[in-house]
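To start, the structure under review is shown below, and the notes come after it.
The values are calculated or read from the model by the stated rules, or taken from the named source; none is laboratory data. Just so you know, these numbers come straight off a predicted model, no measurement behind them. Here the Cβ positions follow ideal geometry from the backbone for every residue, glycine too, while neighbour counts run over all protein chains shown. Side chains are part of the model used for accessible areas, which takes the heavy atoms of the whole protein and leaves out ligands, DNA and RNA. Shrake-Rupley method; radii C 1.70, N 1.55, O 1.52, S 1.80 Å.
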Amino acid sequence: MSQPAVKTLLVVYHSSTGGTRQMAEAACAAAQAAEPTVAVRLLHASQAGAADVLAADGYLFATPENLAAISGQLKDFFDRSYYGALDQINGRPYALLVCAGSDGQNAARQMARIATGWRLNAVAEPLIVCTQAQTPEAILAPKHIGADDLARCQALGEALAVGLALGVF
């Protein structure tokens, strides 16, 4: 019996204080554990490009919310990759992780606009973890994401991997 075709889940993230990285790593670990036929690639936004996007079957983008927007590093990834993948990834599934200090909604809206341009299919609501960091010291401090929020990230990673493996999206 032949092996099922391997699907690839590309996780692109940026993290300055560690919170978003913890969220992305939790999602990746759960995706890998849940579905061995899905190759999970975790790339920092500075390392990812259009070739990585084209080689993947689905995406998880992870960003801190900086000044009510996605991080500059993730924006740079999209700036470098956007036209190289345009009209070649239509309909592929994606989800979003946001590590926010207040509400994360503006970063989610910005990401939705980018995904609309790429004609991606959102397969989950944005998963926003709010750290309540409101002072300069709290915003710049290393983050620790709690177990409940990491469990939500794990569930999203697992759902993406299983959905890709089953061809649900």
Inset, instruction - Taking the options A138, A133, name whichever one is part of a loop (DSSP other than H, G, I, E, B) and either touching a residue at least 24 places away in the same chain (Cβ under 8 Å) or open to solvent by 80 Å² or more (accessible area, probe 1.4 Å) (or both). - result: A133
Inset, instruction - Scan (1) open to solvent by 70 Å² or more (accessible area, probe 1.4 Å); (2) of a type in the set (A, V, I, L, M); (3) touching a helix residue (DSSP H, G or I) at 6+ places or on another chain (Cβ under 6 Å) for the single condition A51 breaks and write down its number. - result: (3)
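Grab the strands (runs of 3 or more DSSP E) fully contained in region 1-120, keeping just those with 2 or more residues being of a type in the set (S, T, N, Q).
Working: elements: 7-13, 38-44, 58-66, 93-100.
Because the criterion is at least 2 residues that are of a type in the set (S, T, N, Q), the strands (runs of 3 or more DSSP E) in region 1-120 that meet it are 58-66.
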Inset, instruction - Give the number of residues within region 141-169 that are in a loop (DSSP other than H, G, I, E, B) and on the phi < 0 side of the Ramachandran plot. - result: 8
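Which one of these is in contact with a strand residue (DSSP E or B) (Cβ under 9 Å, 6 or more places away or on another chain) and either among the charged types (D, E, K, R) or modelled with pLDDT under 95 (or both): R41, R80?
Numbers: R80 fails: in contact with a strand residue (DSSP E or B) (Cβ under 9 Å, 6 or more places away or on another chain).
The match here is R41.
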Inset, instruction - Go through region 90-130 and give me each residue that's open to solvent by 60 Å² or more (accessible area, probe 1.4 Å), under 13 Å from the mean Cα position of the chain (by Cα) and of a type in the set (G, A, S). - result: none
